[in-house]
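Values in this text are rule-based calculations from the coordinates and carry no lab data. Bear in mind that the values here come from a model prediction, so they are computed numbers and not experimental data. Here the Cβ positions follow ideal geometry from the backbone for every residue, glycine too, while neighbour counts run over all protein chains shown.
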Amino acid sequence: MSLKNRLLRILMALLIVSGSITIWSSYFDTEEEVRELFDAELARSARLLLSLSQAGFDKLNLAKLQAVLQENKLTYDEKDVYQDELPDGHWYEHKLLFQIFDARQNLILRSDNAPLEAISEKLNGYEDVIWKNSEWRSFAVWNRMMEYKVVVAESYEVRSELIDNIMIRLLVPYLILVPVLLFLLWWAIEQGLKPLKSVTDEVSKLDERHLTALNVDQVPEEIQPLINALDKLFEKLRFSFDKERRFSADAAHELRTPLAALRTHVQLMRSDSEADKFKNSLDKIMQAVDRASHVVDQLMNLVKYDEGSMVPNLVMLNLKDLSVLVAADLVPFALEKNIELSVAEDIAANVYGDESALGMLIRNLIDNAIRYTQNGGKVDVYFSKTETSVSLHVSDNGPGVENENYDKVFERFHRGEGHVLSGCGIGLAIVDEIARLHMANIKLTKPEEHSGLHVEVVFDI
Amino acid sequence: MRILLVEDDALLGEGVEIGLRKAGYAVDWVRNGEVAETALLSEDYDLMVLDLGLPKKSGIEVLKDMRASGNKLPVLILTAMAGVEHRVAGLDAGADDYLTKPFDLSELYARLRALVRRNTGRTDTKIEYGNIQLDPAAYEVMQDGEKVEVSRREYAVLYSLLENTGRVMSREMLEQTMYGWGEEVGSNAVEVYVHHLRKKLGNDLIRTIRGIGYMIEKKQNS
């Protein structure tokens, strides 16, 4: 789960729980306050009625009073239109009633809507009663001399409607606010996590060739330790990559001096007048030394052009001129094998590239072609162009490579079968690295007219 | 001709010392940078062969210090460091030439000869190749003891090919040597001069390497 989702879920849960608690507790608060208020009013009206009864009932014609009360009753029925204000009263009047009893519990006066029997059995105080299938709150009170008892009752509907209204007024804004709040939270989290995203972007830009320290602005202190740890890790990695490269370079380098010594001494022996006796062996030693030197050189080249260790210095250069330069160096080697080496002059093949790296690529391709082609063969270097690419071709008429081995030749230390001669199997691996450095593609095919290997290096322009 | 050889590796040092002696040089072989500096102060040398990875004081430092003190002795660096950047560093420090280990003794001799020639401005050594003799002092070419008439431009081409036997000289390189002789060069001029030279000296002397350049092959044991 993403950090964002996680945060959003936690905050959402907190919001809902805290909201529910608030609403739940305000419901009970409201209910309590409403009860207190209405109960007090109930008691007050009961007491008012009681006082009136005590003060004047003996002088009044109770029957007439009852008749007048009946006469003045609300003309609308309780089941009529639910309309708060009616022309001559309020329909809530149906929800309020009173009864007055004498000392012997005889009903002496009642509101028009009140029943003839006592609504509350209780002698004194509050009671919840069921009347006409609904809940009522009643309050009974006696005067001091126990002459009259007044019972006032009120339907619970009045109270619950009030509470419901209050609760609805509380809930509606809450329900509207929650989605708005959620959206705001989502936005806030997004903003809050931005530095994390910029760190992620920085890290994903890195690869093993360019392990530089992270470049992140305004790092929040929570992420700083992570960045520091990453930077440290990168430094360690860089160090160990460098160490590995240095080791290969140093090893190759250290081999050169003893090889030079060996070569020098063999040359001294060969120049001696008695050398003829050992000529064959000395020549073989010389070949072995040269082969070892070649391996050392190629190892160093591989380290040099290996992924990551080199930053190419790109300039516009002509592959043809470069090929001529490189081929010139290799002509003596070709002549030793009586191989005809030629570079086509017809096309100027301009590409962006690193001069020394591409020189090394061409050198290895030509060198390889010469090495694996039989005496008296030929090696042609030529160029071709399309609208989007420039190609370097090195074609020989040697034994070629089996189709299924086309991939293998780029592996390190792969060597063509049956060739005991001189190759060390790194040449094409170096070519591969350099081509990759230039985002060039290498295609291997068989030349059309004859046996052999045709290598095409395609540079996009 | 006295050479100071500075090489810390015993095996290689001994080989090079013997080789140089055989080639007719008087050799002083020292094994570290400090001793090399002492030797430079106490003796006069014509040449110095300097290894770069030396104990006590590196070859580059020795070289920089001696150049700073005004010593113009021709120096050839011997080093196990391949790569253009190392070569440039060596040449920047004041080296005159550069040879990477392992090297060919005859290549070392040739470079040393060229250094002396460059340093002393002497170009009077005649170049001999088979039946052909070239005399730089007189701009003369002889074949089988008889003088062959060549133009200055033909001479320039022949000279640089003979100076670099076994190496292919590209058309550009040859053109440059001709510029050096104060001539404007046409686009296919090199072909023309080579053609003339072949007519005068025989077809087999100069070899065409198609698309690459021209060369005169190295004579065995020369």
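For A:Met167 and A:Ala229, the FRET efficiency from 1/(1 + (r/R0)^6), where r spans their Cβ atoms and R0 equals 51 Å, is about 0.45. Helix A:319-336 and the long axis of chain A differ in direction by around 40°, with both axes built from C-alpha atoms.
About the centre of its Cα atoms, the protein assembly as shown shows a dipole size close to 1400 debye [charges on the beta carbon of Lys, Arg (+1) and Asp, Glu (-1) only; nearest 20 debye].
What is the calculated FRET efficiency for B:Ala110 to A:Thr200, with r their C-beta to C-beta distance and R₀ = 60 Å, to the nearest 0.05? E between B:Ala110 and A:Thr200, to the nearest 0.05, is 0.50.
Of all aspartates and glutamates in the structure, those lying under 17 Å Cα to Cα from A:Lys443, and not within fewer than 8 positions of it along the same chain, are A:Asp380, A:Asp396, A:Glu402, A:Glu404, A:Asp407, A:Glu411, A:Asp432, A:Glu433, A:Glu456, A:Asp460.
Can you compute the label reach from B:Glu128? Point 7 Å from Cα along the Cβ direction, backbone N cut-off under 19 Å, restricted to region B:143-179. So the set is B:143-148, B:159, B:162-166.
Divided by 2.2 N^0.38 Å, where N counts the residues, the Cα radius of gyration of region A:193-335 comes to 1.72. Computed from Cα atoms, the angle from the helix A:194-205 axis to the main principal axis of chain A rounds to 20 degrees. Enter the Cα centre distance for the pair region B:1-45 and region B:85-161, rounded to the nearest angstrom. Centre-to-centre distance over Cα atoms comes out at 24 Å. Only one residue of A:Ser160, A:Val343, A:Phe139 has its Cα farthest out toward the positive end of the dipole of chain A, where Lys and Arg carry +1 and Asp and Glu -1 on Cβ, and that residue is A:Val343. Going from the residue with the fewest nearby Cβ atoms within 10 Å to the one with the most, A:Trp136, A:Trp186 rank A:Trp186, A:Trp136.
Projecting label points 7 angstrom from Cα along Cα→Cβ for B:Lys22 and B:Thr208 puts them 4.0 nm apart.
Each residue, A:Leu37 and A:Glu190, gets one label point 7 Å from its Cα in the Cβ direction; the gap between the two is 4.4 nm. Counting neighbouring beta carbons within 10 Å and listing from fewest to most, the residues B:Leu105, A:Leu8, B:Leu158 come out as A:Leu8, B:Leu105, B:Leu158. Counting Cβ atoms of other protein chains within 10 Å of each Cβ in B:7-14 and taking the mean gives 4. Computed on chain A, with alpha-carbon pairs under 8 angstrom and 6+ residues apart, the relative contact order is 10 percent. Summary of the geometry: region A:96-152 and region A:1-51, compared by the centres of their Cα atoms, lie 32 Å apart.
Using the Cβ-Cβ distance between A:Arg104 and A:Glu135 with R0 = 25 Å, the FRET efficiency computed as 1/(1 + (r/R0)^6) comes to roughly 0.30. Where only DSSP H runs of four or more residues are counted, chain A gives -18000 deg cm²/dmol as its mean residue ellipticity at 222 nm, each run worth -39500 (n - 2.57).
Ranking of A:Lys4, B:Lys72 by neighbouring Cβ atoms within 10 Å, starting from the fewest: B:Lys72, A:Lys4. Please enumerate, by chain and number, the lysines with C-alpha under 17 Å from the C-alpha of B:Lys199, excluding those fewer than 8 residues away in the same chain. Within the straight-line limit of under 17 Å, B:Lys199 reaches these lysines: B:Lys147. Pairs of Lys residues in region B:2-120 that lie 8 or more places apart, or on two chains, and have C-alpha atoms under 21 angstrom apart add up to 5.
Per-residue shielding of B:102-108, expressed as the average number of other chain Cβ atoms within 10 Å of the residue Cβ, stands at 6.
For A:Lys194, the lysines whose Cα comes closer than 30 Å to its Cα, not counting residues fewer than 8 places off in the same chain, are A:Lys4, A:Lys205, A:Lys232, A:Lys236.
The ellipsoid that matches the Cα gyration tensor of the protein assembly as shown has semi-axes, each √(5λ) in whole angstrom, of 115, 29, 21, with the longest given first. Model label points for A:Val315 and B:Tyr139, set 7 angstrom from Cα along the Cα-to-Cβ axis, are 3.4 nm apart. Beta bridges from DSSP with both residues in region B:1-158: antiparallel share about 35 percent, rounded to the nearest 5.
For the peptide A:329-339, the mean number of other protein chain Cβ atoms found within 10 angstrom of a residue's Cβ is 3.
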